[in-house]
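Down below is the structure, laid out as structure tokens.
The values are calculated or read from the model by the stated rules, or taken from the named source; none is laboratory data. All values reported here derive from a predicted model rather than from experimental measurement. Here the Cβ positions follow ideal geometry from the backbone for every residue, glycine too, while neighbour counts run over all protein chains shown. Remember, those area values only see protein heavy atoms, side chains included, never the ligands or the DNA or RNA. Shrake-Rupley method; radii C 1.70, N 1.55, O 1.52, S 1.80 Å.
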Amino acid sequence: MEKSRRKFIRNAALLTVAGAGLRLVGTQAFADSPQDDSGFLFKLPALPYGAAALEPYIDTQTMEIHHGKHHKAYVDNLNKALKGSGLTSDSLEDLMKNISKYSVAIRNNGGGHYNHSLFWKLMKPAGGGNPDGQIAEAINNSFGSFKIMQEQFNAAATTRFGSGWAWLIADKGKLTITSTPNQDNPLMDIAEVKGTPLLALDVWEHAYYLKYQNKRADYVNAFWNVVNWEHVNSLLKAVK
Ligand code: MN3
């Protein structure tokens, strides 16, 4: 009697362990989904160059804080907001295209993560100059000249009230300039003007205030010295 009771307790304990094991297997199976509490869906990408690489146009301290604090916070808060959202896709682009179905926190932080991940790649040390290749041709076809495109982009960037972004986008074979508030972008289904982003400029004060203070126009002009036209060309080639 005593023996069989001990055996029963031991078997019950084994069943509990087996149950825990099953739950572990279950967690592993969903390791890439936001429902998983043990891991994060999105990660902060490393900068494609050093924080000082864009000097003197964009200063080191701004780059460090912008990437290490601001962008990191968007990633962390996006992962937090995604928990329990029922989202199963890990494609940030798909998330943007269906953003109206999600919470404001997912819109703001998902947009923040998408926009900044793109922005870092659109700049490089010793960049700038005139666009070349396919993008140069597309700019001439849509705007008449690079200078006219630049003027429209600068106007979008300097007149965006408050925080937001200026964009060069492709839509139905044509390039357009637009701007968005907060961390919205032209991929979002809620965007006023939709299209595929080719060039982006962050005009939040955190992007320029340490060096340029209230002179947003000076920061916008400086941006043209670090544009990575190779990356803009690769984004244009990928447009369907
Ligand atoms: Mn920013």
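At a glance:
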item: Scan of the stretch 55-68 for residues that are over 12 Å from His206 (Cα atoms) and either part of a helix (DSSP H, G or I) or within 14 Å of the ligand (Cβ to nearest atom) (or both), ordered by number; result: Thr60, Gly68
item: Of all residues making up the stretch 87-125, the number that are touching a residue at least 12 places away in the same chain (Cβ under 8 Å) and assigned to a loop (DSSP other than H, G, I, E, B); result: 9
item: Residues being small (Gly, Ala, Ser), in a strand (DSSP E or B) and closer than 18 Å to Lys240 by Cβ - total across the stretch 169-184; result: 1
item: Residues within the stretch 185-240 that are under 25 Å from Gln61 (Cα atoms), assigned to a helix (DSSP H, G or I) and among the aliphatic types (A, V, I, L, M), tallied; result: 5
item: Residues located in the stretch 49-62, provided they are of a type outside the set (Phe, Trp, Tyr) and touching a helix residue (DSSP H, G or I) at 6+ places or on another chain (Cβ under 6 Å); result: Ala51, Ala52, Asp59, Gln61, Thr62
item: Considering residues of the stretch 148-168 that are in contact with a strand residue (DSSP E or B) (Cβ under 6 Å, 6 or more places away or on another chain), open to solvent by 10 Å² or more (accessible area, probe 1.4 Å) and part of a helix (DSSP H, G or I) only, the residue farthest from Glu192 (Cα to Cα); result: Gln152
item: Residues of the stretch 69-92 classified as within 12 Å of the ligand (Cβ to nearest atom) and either among the polar types (S, T, N, Q) or out of contact with any Ser or Thr (no Cβ under 9 Å at 6 or more places or on another chain) (or both), total; result: 5
item: Residue count, the stretch 184-193 (criterion: in contact (Cβ under 8 Å) with a residue 40 or more places away in the chain, of a type in the set (Asp, Glu) and more than 16 Å from the ligand (Cβ to nearest atom)); result: 1
item: Selection within the stretch 194-222 - open to solvent by less than 60 Å² (accessible area, probe 1.4 Å), more than 16 Å from the ligand (Cβ to nearest atom) and within 21 Å of His113 (Cα to Cα); result: Gly195, Thr196, Leu198
item: Residue satisfying condition, being surrounded by 17 or more Cβ atoms within 10 Å (Cβ to Cβ), at pLDDT below 95 and either charged (D, E, K, R) or out of contact with any helix residue (DSSP H, G or I) (no Cβ under 8 Å at 6 or more places or on another chain) (or both), within set Asn11, Asn79; result: Asn79
item: Number of positions in the stretch 93-138 that are of a type outside the set (Asp, Glu) and either open to solvent by 70 Å² or more (accessible area, probe 1.4 Å) or more than 16 Å from the ligand (Cβ to nearest atom) (or both); result: 27
